[in-house]
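Notes to accompany the following structure.
Where a number appears in this text, it was derived from the coordinates with a stated rule and is not lab data. Computed from a prediction, not measured in an experiment: that's the story for all the values here. Don't worry about glycine lacking a Cβ; one is built from the backbone with ideal geometry, like all the others, and counts go over all protein chains shown.
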Amino acid sequence: MSKKLIAPSILAADFGNLQRDVEMINNSKADWFHLDVMDGVFVPNISFGMPIIKNIASHATKTLDAHLMIVDPDRYIKTFAELGMNYLTVHYEACTHLHRTLQAIKAEGMKAGVALNPHTNVSLLEDTINDIDLVCIMSVNPGFGGQSFIENTYSKVRKLKEIITKNNASTIIQIDGGVTNKNAQQLVDAGADVLVAGSYVFRSENPTETIQGLKDLLA
C-alpha cells in the first residue's frame, strides 16, 4: 500500500457530542474510523457496545475498522458484519483457533485483522500471514487511551514487514497507541500503512488541522 492512512480512534471522541465528532472525521482528511471495542475481561476497561456502534455507523461515510479487545470474538462476527464494519480485527491472544476465526470474518464479507499485544512476537503470525488482511501492532498496552508509546514498536514493525514480504502477502500494518506527529514518520519508514490516533487528535485544539498535519507529514 503506497498511500498511508490515518484512522482516528473514536474511543477518544466526546460521547456527549458523538455525531459532531463523527461528522468532523467525515469532513476531515482522515481515511478510516477506528472503533475500539472492550469487554472489561480481555482488557480492564469497557468501551461501548452495539447501540453506539450502530449510531456511529449510521453517520460515518468512511471505512469502518473495528478492533475487538474481547474474549471469544467469534460470537460477534456476524453482528459486526450486520453493523457495516469493513475491517474486523481480533486479538491473537483471544483466539484459540485463529485460522478458523479469520475464515469466519471473511465469510461475512469483511477484511480480517489480527492485533498483537506489546509482548506478543510477530513471528507467531508467520503461518497465517497470507490469510490476514491487516495486522494491528499495539504500541501501548490495550485497554486505555492516552498512554505513552512503546519504543520497541519500530523493530516489531520492521520484523513484521519482513515476514509479509518473504511470504509475498498483501497484509497491511496498522499501529495503535501513542501515535503523534513525533513518531508518525518513523513508523511509516519502518513499514506501517495505517496509523490510529486517538487522544492526539481529539484532545488537540483543532482536530481537523491535527489530522491534516499527520496526512501532510506522510504525503
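The table below gives the values:
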| item | result |
| --- | --- |
| Count of lysine pairs in the chain with Cα separation under 14 Å (8 or more residues apart, or interchain) | 10 |
| Nearest-0.05 FRET efficiency for A107 and I163, computed from C-beta distance (R0 22 Å) | 0.35 |
| Of all DSSP beta bridges in the chain, antiparallel share, percent nearest 5 | 5 percent |
| Residue exposure sequence - D74, D176, D193, D14 - by fewest surrounding Cβ within 10 Å | D14, D74, D193, D176 |
| Listed values (1) 44, 41, 38; (2) 43, 36, 30; (3) 78, 41, 35, entry calculated as Cα extents along the principal axes in Å | (2) |
| Taking H59, H99 and counting other C-beta atoms within 10 Å, the order from fewest to most | H99, H59 |
| Ranked list, fewest to most other Cβ atoms within 10 Å of each Cβ, for S204, S170 | S170, S204 |
| Gain upon complete extension [N17, N206; 0.36 nm per residue less C-alpha separation] | 66.5 nm |
| Label-point gap, in nm, between L124 and E82 - each point 7 angstrom along Cα→Cβ | 3.1 nm |
| Segment V71-N26, length gained on full extension (0.36 nm per residue, minus Cα span) | 13.1 nm |
| Where labels lie 7 Å past Cα in the beta-carbon direction, separation of H97 and N152 in nm | 3.1 nm |
